[in-house]
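Engineer: The structure follows.
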Amino acid sequence: MGGPLLRVENLVKHFPVKGALFSREVDQVRAVDGVSFCIDAGETLGLVGESGCGKSTTGRCILRLTEPTSGEVWFDGRNVTAMDAQALRLVRRDMQIIFQDPYASLNPRMTVGAIVGEALTIHKLANNAQEYDDRVVHLLETVGLHADHMRRYPHEFSGGQRQRIGIARALAVSPKLIVCDEPVSALDVSVQAQVINLLEDLQQKFNLTYLFVAHDLSVVEHISTRVVVMYLGRIVEIATARELYTTPKHPYTEALLSAAPIPDPQVKRKRIVLEGDVPNPMRPPSGCHFHPRCPRATERCASEAPLLREIAPGRVSACHFSA
């Protein structure tokens, strides 16, 4: 193998905050603050954390739907952050996204056939109308929809069906990597399981690689090979799904897992209640961003930011006391 399919190096995204007077920049929201990780071909990397921690912004910066402030994104040996518009358009055939909201992400004025087939037209992947129709029908059937659905409009479908349309749209250009931006958070629990199973089947069938962004830890545990945990724009832990859920090393990860419901009523888990609220991302705490809420915090945590270091083969943690 020639290295990871995707490599993110020190990715930063700061959003300017404008003041009323002359719309001058008065502050910055530090949404993503030095994120680095790799994804191997064929694996699913889960990206989890509380709302507002920078998960979705990280995914959008990787695809350059949102322009990063600094850092580099390397995809299949190519530096995505250094590409011009023409080169980026070509590489986007290999990098697609499934959006969170299946209601807002589909154009209500376009038929399903036009939505799914738009990428075929843009990238000139169909030689004639018959080939276009055949390809769209095949994509719809691949995600569990029917051929006659291509002439209908998004409002005629349920939330789960709309998300299947979004998945078909992402598959249209035969990508290598798909960023799944909380693809099941807006769906009912029963429908969530169907969509997750569909994503797993498609991964096996087309050898896809996923960056799976979510806040539902049970969903991430089910689908992910490895898991990245973020807090306030920074990565605090990376581990395989099994290791993370059985032996978390960072206190924030422990608190997240303690809040996750367990389906077996006989199993009891000690609940870790974090004090205070998530800090303001415009003025994050000094040192370790988690120290104001951490039950293990010391004076060192308030003054010295912990390095994201390897504490075991394949496991990294950003805590002074992880071992």
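Engineer: Quick check: anything in region 1-14 more than 16 Å from the chain's Cα centre (by Cα), more than 30 Å from Phe206 (Cβ to Cβ) and hydrophobic (A, V, I, L, M, F, W, C)?
Structural biologist: no
Engineer: Still on this model: Filter region 234-245 for residues that are in contact with a Lys or Arg (Cβ under 9 Å, 6 or more places away or on another chain), surrounded by fewer than 21 Cβ atoms within 10 Å (Cβ to Cβ) and either within 22 Å of Pro284 (Cβ to Cβ) or not hydrophobic (A, V, I, L, M, F, W, C) (or both) and give the result.
Structural biologist: Thr240, Glu243
Engineer: I'm checking my understanding of the structure. Among residues of region 57-98 that are of a type in the set (Gly, Ala, Ser) and more than 18 Å from the chain's Cα centre (by Cα), which one is farthest from Pro175 (Cα to Cα)?
Structural biologist: Ser70
Engineer: A follow-up question, please. Suppose we keep only residues that are among the hydrophobic types (A, V, I, L, M, F, W, C) and buried (at least 22 other Cβ atoms within 10 Å of the Cβ) within region 143-170. Which one would you say is nearest to Asp94 (Cα to Cα)?
Structural biologist: The first filter runs over region 143-170 and keeps only residues among the hydrophobic types (A, V, I, L, M, F, W, C), leaving 143, 145, 147, 150, 157, 165, 167-168, 170.
So of that shortlist, the ones also buried (at least 22 other Cβ atoms within 10 Å of the Cβ) come out as 143, 165, 167-168, 170.
On the way: Val143: 19, Ile165: 19, Ile167: 14, Ala168: 14, Ala170: 10 Å.
By that ranking, first place goes to Ala170.
Engineer: Going residue by residue through region 194-212, is there one that turns out to be touching a strand residue (DSSP E or B) at 6+ places or on another chain (Cβ under 6 Å), under 12 Å from Val48 (Cα atoms) and not small (Gly, Ala, Ser)?
Structural biologist: yes
Engineer: For Tyr231, which of the numbered conditions (1) farther than 21 Å from Val12 by Cα; (2) out of contact with any strand residue (DSSP E or B) (no Cβ under 8 Å at 6 or more places or on another chain); (3) surrounded by 19 or more Cβ atoms within 10 Å (Cβ to Cβ); (4) at pLDDT 90 or above fails to hold?
Structural biologist: (1)
Engineer: Name every residue in region 298-323 that is assigned to a strand (DSSP E or B) and of a type in the set (Gly, Ala, Ser), in order of residue number.
Structural biologist: Once the filter is applied, which keeps residues that are assigned to a strand (DSSP E or B) and of a type in the set (Gly, Ala, Ser), region 298-323 yields Ala312, Ser317.
Engineer: Further question: I'd like to check something: does region 54-69 contain any residue that is among the hydroxyl-bearing types (Ser, Thr, Tyr), touching a helix residue (DSSP H, G or I) at 6+ places or on another chain (Cβ under 6 Å) and farther than 25 Å from Leu217 by Cα? So that I can check it myself, show each step before the final result.
Structural biologist: Pass one, region 54-69, residues among the hydroxyl-bearing types (Ser, Thr, Tyr): 56-58, 66, 69.
Then keep just the ones that are touching a helix residue (DSSP H, G or I) at 6+ places or on another chain (Cβ under 6 Å); that gives 66.
Narrowing further to those that are farther than 25 Å from Leu217 by Cα: 66.
Yes, region 54-69 contains a residue that is among the hydroxyl-bearing types (Ser, Thr, Tyr), touching a helix residue (DSSP H, G or I) at 6+ places or on another chain (Cβ under 6 Å) and farther than 25 Å from Leu217 by Cα.
Engineer: Determine whether Leu307 is of a type in the set (A, V, I, L, M) and farther than 17 Å from Glu50 by Cβ.
Structural biologist: Here the answer is yes, as Leu307 does meet what is asked.
Engineer: Consider Arg135 carefully, then state whether it is more than 26 Å from Ser185 (Cα to Cα), touching a residue at least 24 places away in the same chain (Cβ under 8 Å) and in contact with a Ser or Thr (Cβ under 9 Å, 6 or more places away or on another chain).
Structural biologist: No, not satisfied.
Engineer: A follow-up question, please. Go through region 30-65 and give me each residue that's more than 19 Å from Leu232 (Cα to Cα), outside any strand (DSSP E or B) and of a type outside the set (Asp, Glu).
Structural biologist: Passing the criteria: Ala41, Gly42, Leu63, Arg64, Leu65.
Engineer: With the structure loaded, tell me whether Arg78 is of a type in the set (Lys, Arg) and closer than 21 Å to Ile238 by Cα or whether it fails that test.
Structural biologist: Here the answer is no, as Arg78 does not meet what is asked.
Engineer: Please enumerate the residues belonging to region 299-315 that are under 16 Å from Tyr252 (Cα atoms) and surrounded by fewer than 12 Cβ atoms within 10 Å (Cβ to Cβ).
Structural biologist: Leu307
Engineer: Could you grab me the full set of residues in region 125-143 that are over 16 Å from Ile115 (Cβ atoms) and among the small types (Gly, Ala, Ser)?
Structural biologist: The one that is over 16 Å from Ile115 (Cβ atoms) and among the small types (Gly, Ala, Ser): Ala129.
Engineer: Which is on the phi < 0 side of the Ramachandran plot, crowded, with 18+ Cβ neighbours inside 10 Å and assigned to a loop (DSSP other than H, G, I, E, B), of Pro279, Pro248, Pro295?
Structural biologist: Pro248
Engineer: On to the next question. Kindly evaluate Arg89 against the criterion of being closer than 19 Å to Gly59 by Cα and among the basic types (Lys, Arg).
Structural biologist: Yes, satisfied.
The values are calculated or read from the model by the stated rules, or taken from the named source; none is laboratory data. Just so it is clear, the model here is predicted, and its values are computed rather than measured. Cβ sites come from the backbone with ideal geometry, for glycine too, and all protein chains shown count toward neighbours.
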